[in-house]
Amino acid sequence: MGTSVLAATRELEPLEYINSINKPVHSAMFYNDEKKSRYIEYTFILNGLKKEERIIYLTDISTNQIAAKMKTYNINLEKFFAKKLLHIYQLEKLNGSTNYILNKARKIIEEMMDDVKLPRRSVGRVVRDITTKSGISTMIKVEEGFHESFSSFNGPVLCIYPYKQIESSQKERWMTDIIYNHHAALFIPTHGSGKALVFTH
């Protein structure tokens, strides 16, 4: 799994980094091991819930499936749903031209920011298809726009990228472009604990 050409100011264990987040920061996580990445995602979510932050969870699987998975990590869904702290968005696959998908993705982000008030944090990815050049390039454009206006979100964000799904012909370029539009990147391999790099641009 590749790493960044950017200068890193710190290198931490992934969970050490997740547990150190105490301000708005835009992070990307590349993973090969789904179980490890899920634990990191849910730790990120639970840390926010404990602070009574509103969670935006972007996913392509059903709310019931997410609920079942979260329960295995001792996340008390009934409690957090009742307090309106947990907001799960099941996103459909966006089809059409690059401009259509880009505009639709931006609209989804704007609507979620309107619906979910501060304090908040988000985990997931708006554009589901990153297996094609058009899909991953569109996702990068979404990341660029979001990162440029990140202060308006005003909360921690963890963007999730399954390494094996990233379009293969220019994978290192795609990863570099994604990382450049984040404050930090986590790398979760199949073997070992991985690492989290915090960047200066």
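Brief remarks follow.
- Accessible area of the chain belonging to carbon and sulfur atoms, whole % at 1.4 Å probe: 47 percent
- In the chain, a dipole from Cβ-located charges (positive for Lys and Arg, negative for Asp and Glu) runs towards its positive end, and of 75, 31, 149 it is 75 whose Cα lies farthest in that direction.
- Convex hull (Cα only) mean projected area of the range 97-172, reported in nm² to one decimal: 5.1 nm²
- Percent antiparallel among DSSP beta bridges (both partners in the range 55-169, rounded to 5): 0 percent
- Sites residue 9 and residue 51, calculated FRET efficiency, Cβ-Cβ separation with R0 30 Å, nearest 0.05: 0.75
- Under the criterion of Cα pairs below 8 Å and six or more residues apart, the relative contact order for the chain equals 40 percent.
- Translational diffusion of the chain, µm² s⁻¹ [Kirkwood Rh, Cα pairs; Stokes-Einstein; 37 °C; 0.692 mPa s]: 192 µm²/s
- Given the chain, longest segment not containing exposed loop trypsin sites (Lys or Arg not before Pro) (DSSP; at most 12 other Cβ within 10 Å): 118-201
- Each of residue 152 and residue 82 was given a label point 7 Å from its Cα along the Cα-to-Cβ line. The distance between the two points is 3.6 nm.
- Here the chain carries DSSP beta bridges of which approximately 30% are antiparallel, counting only pairs with both residues inside.
- Legend: residue pairs 36/141; 23/71; 50/83; 107/141; 36/84; 23/117, Cα-Cα distance threshold 22 Å; pairs beyond threshold, 36/141; 23/71; 36/84.
- Seen from all directions on average, the range 30-85 presents a Cα convex hull projection of 4.0 nm².
- Expected 222 nm ellipticity per residue - DSSP helices of 4 or more, -39500 (n - 2.57), all of the chain, to 500: -13000 deg cm²/dmol
- Counted without the sites themselves, the longest stretch of the chain free of GluC sites (Glu not before Pro) in a DSSP loop having at most 14 other beta carbon atoms within 10 Å is 93-201.
The values are calculated or read from the model by the stated rules, or taken from the named source; none is laboratory data. Here the structure is a predicted model, which means the values were calculated and not measured. Heads up, the Cβs are rebuilt from the backbone with ideal geometry, glycines too, and the neighbour counts pull from every protein chain shown. Heavy atoms of the whole protein, side chains included, go into the accessibility calculation; ligands, DNA and RNA do not. Shrake-Rupley method; radii C 1.70, N 1.55, O 1.52, S 1.80 Å.
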